Amino acid sequence: MYPYNLDLNPYPSSPTPTEKDAKILGGKRHKEAKAAVVECIKELNRKVEGKTAENGDFRVITVVQDVGSGKTHLALHVKSLKGRYNAECSYVDLSTISPKTVSGIYDAILKGFDNEFFVQLRSKFLNYLRENAEQGDNSAKKALDYTFVNKLTGMTIKEKTEYVLSGKQSVSLEHLTEFLIHKFDYHESILIKNVISNSFDEIKNLETLIGMLSSLSKLTHRFLGKVLVFEIDELDGNKDSIEFVKGVINAHLPASVLLLITTPSGYLEIQNVNPSVFDRLEKANYKIDLAGSNSKDELAEIVTEYIKHSDKNGKFGSEEQQELNEKIQVLYDEFAEFRNVRSVINILYQAMEKATQSDSKKIDEYVIDDAIRQSYPGLRVRGSIMNIPISDFLTIRRNEGNDEKEIKNAVKSLTVFAQKMGTIQKLEKQNLLLDAVYQDNFGSKVGLAVIADELGIPDLEQISDMSKSAVVDRLVILTNKKIQTPYNATVVNMDKSKVVDLIYFNNKYNGKKITEEDNERIELLAKTLSII
């Protein structure tokens, strides 16, 4: 059993999206982008409904953002919706085609459709042939290879067609060509013959490729009543790819949507290589920029969407969601590695697996720590002196609202430890306004004051007076706020990493878990805080 009482790991294991994984879509930006694509498809459907598709019934959509932002996931999600919006969709990853010849691109487009699409087209084409044959068209009968012997034996044209559909018999390609040439144009005839025979001719030039795609669009609209969506991913400055896109846009494929997916750098390449194509893309009907899709709020929403989709038992409530979101936000804030959809999904897949192995009921700090150690060996908290384990770091950061007292206690513990190690001399009785008073190794009296958040701000002037009146020889102020430096004082600005290091040290110190190898790190921590 997985955390939150889930039967299966809700996160995909593949480093790149699959159609199955893409059925789940989370995040405000991705949902807005989906709505824009769907609206484009619906608008085109309204435009061509009940009439013959014309070349003007064509739309262009561009989707631009960095690697890992969920562009491919969005495209595959849209493909999974095809049945709900009267569309058929082909997804093509240009990065997998090498070299990018017209033949390779055409083959990829055909393979980008679901098999069921061509099964439906084949059925429609053969039944069209049947209808013509039943109406007395001899060329249609010959195309079906319906002979006088068939008629004598009592086989009907419908039965003959069903045999062909089931693969038990085949059509006469020679007579099929003769029938089609009187009903359809050149490219349409070839396409219908290819679909019926389940064998597609090789494409040798861009003109033929555009002709075949245009025919596919027209015939799909005519026989299935659907529009086509061509999703072209990983578009960049490759000249062959750009020529293909240019040809499709110039042809205005009927009843079709061309959805182009690229990165900002790829988009810039297109501008440099072919400004005219870039201008066409700039004038796209819908321009979708997924900027913000990698924000921590978006990532948190995407992460929870997967669990909600799999939560059949209602065990993932608001409290569990908030806890998980806090962990995601800490990972986002502290690790550049976890600032895109792909990497966060990957680490949570691993965390889910670790959790079920340890029988954990939720994704906690420890399973995330284990997952990071396995998937990102050597990853460390940036700026950490104490070499904090990820699990401890996540726990401390989650509870950072309690820093004020914890920091003061940690500083006191650090001075006590420094005295034991002999790096400072005798600690004196604590002054009401100072957190520690001690002698350094040069015999100077040092006063240490912690000003964290709002704590101690009203006493800053009084603390400063101690230095002026020689109550101490040296004043050190540790703060995470912007303050003016008092007279004869050293102000040490504590960033989050220093605060976490302090609290982590204090936890180990109070738990009597300080090891010999910690001593050098603790000494370095004290030096960075100007305590020694």
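Read the figures in this text as sums done on the coordinates, not as results from a lab. Given the structure is predicted, the values throughout are model-derived calculations rather than measurements. No Cβ is skipped: glycine too gets one built from the backbone with ideal geometry, and neighbour counts run over all protein chains shown.
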(request) Report, to the nearest 10°, how far helix 403-421 tilts away from the longest principal axis of the Cα atoms in the chain, using its own Cα long axis and a range of 0 to 90°. (result) 60 degrees
(request) With a ≥ b ≥ c taken as the square roots of the eigenvalues of the C-alpha gyration tensor of region 403-528, please select rounded if a/c is under 1.5 and otherwise prolate if a/b is larger than b/c or oblate if it is not? (result) oblate
(message) Looking only at the chain, where both bridge partners belong to it, what percent of the DSSP beta bridges are antiparallel (to the nearest 5)?
(response) 15 percent
(message) For the chain, take the longest principal axis of its alpha carbons; what is the angle in degrees between that and the long axis of helix 264-273, to the nearest 10 within 0 to 90?
(response) 50 degrees
(message) Using only DSSP helix segments of four residues or longer, with each worth -39500 (n - 2.57), what per-residue ellipticity at 222 nm results for the chain after dividing by its residue count and rounding to 500?
(response) -16500 deg cm²/dmol
(message) I'd like the Karplus ³J(HN,Hα) series for region 243-260: coefficients 6.51, -1.76, 1.60, θ = phi - 60°, whole numbers in Hz, and an x wherever there's a Gly or Pro.
(response) 5, 4, 4, 4, x, 5, 5, 5, 6, 6, 3, x, 6, 9, 10, 9, 9, 10
(request) Please say if region 294-379 is rounded, prolate or oblate, where rounded means a/c under 1.5 for a ≥ b ≥ c the square roots of the C-alpha gyration tensor eigenvalues, and otherwise the choice is prolate for a/b larger than b/c and oblate otherwise? (result) oblate
(request) Report, in debye and to the nearest 20, how large the dipole of region 294-379 comes out about its Cα centre when Lys and Arg carry +1 and Asp and Glu carry -1 on their Cβ. (result) 300 debye
(message) Starting from 0.36 nm per residue, how many nanometres of slack lie between Lys239 and Phe200 once their C-alpha separation is accounted for?
(response) 11.5 nm
(request) Please return the longest stretch of the chain lacking exposed loop sites, where chymotrypsin sites (Phe, Trp or Tyr not before Pro) count only if DSSP places them in a loop and at most 11 other Cβ atoms lie within 10 Å. (result) 1-441
(request) Starting from the Cα-Cα distance between His252 and Val492, subtract it from 0.36 nm times their residue separation and give me the gain in nm to one decimal. (result) 79.9 nm
(message) Can you tell me how region 64-106 classifies by the Cα gyration tensor, rounded, prolate or oblate, using a/c under 1.5 as the rounded cut?
(response) oblate
(request) Kindly express, to the nearest 10 degrees and within the range 0 to 90, the angle between helix 115-134's C-alpha long axis and the longest C-alpha principal axis of the chain. (result) 20 degrees
(request) With r as the distance between the Cβ atoms of Asp297 and Thr528 and R0 = 41 Å, compute the FRET efficiency 1/(1 + (r/R0)^6) and round to 0.05. (result) 0.80
(message) Using the Cα centre of the chain as the reference point, and only Cβ charges (+1 on K/R, -1 on D/E), how large is the resulting charge dipole? Debye, rounded to the nearest 20.
(response) 740 debye
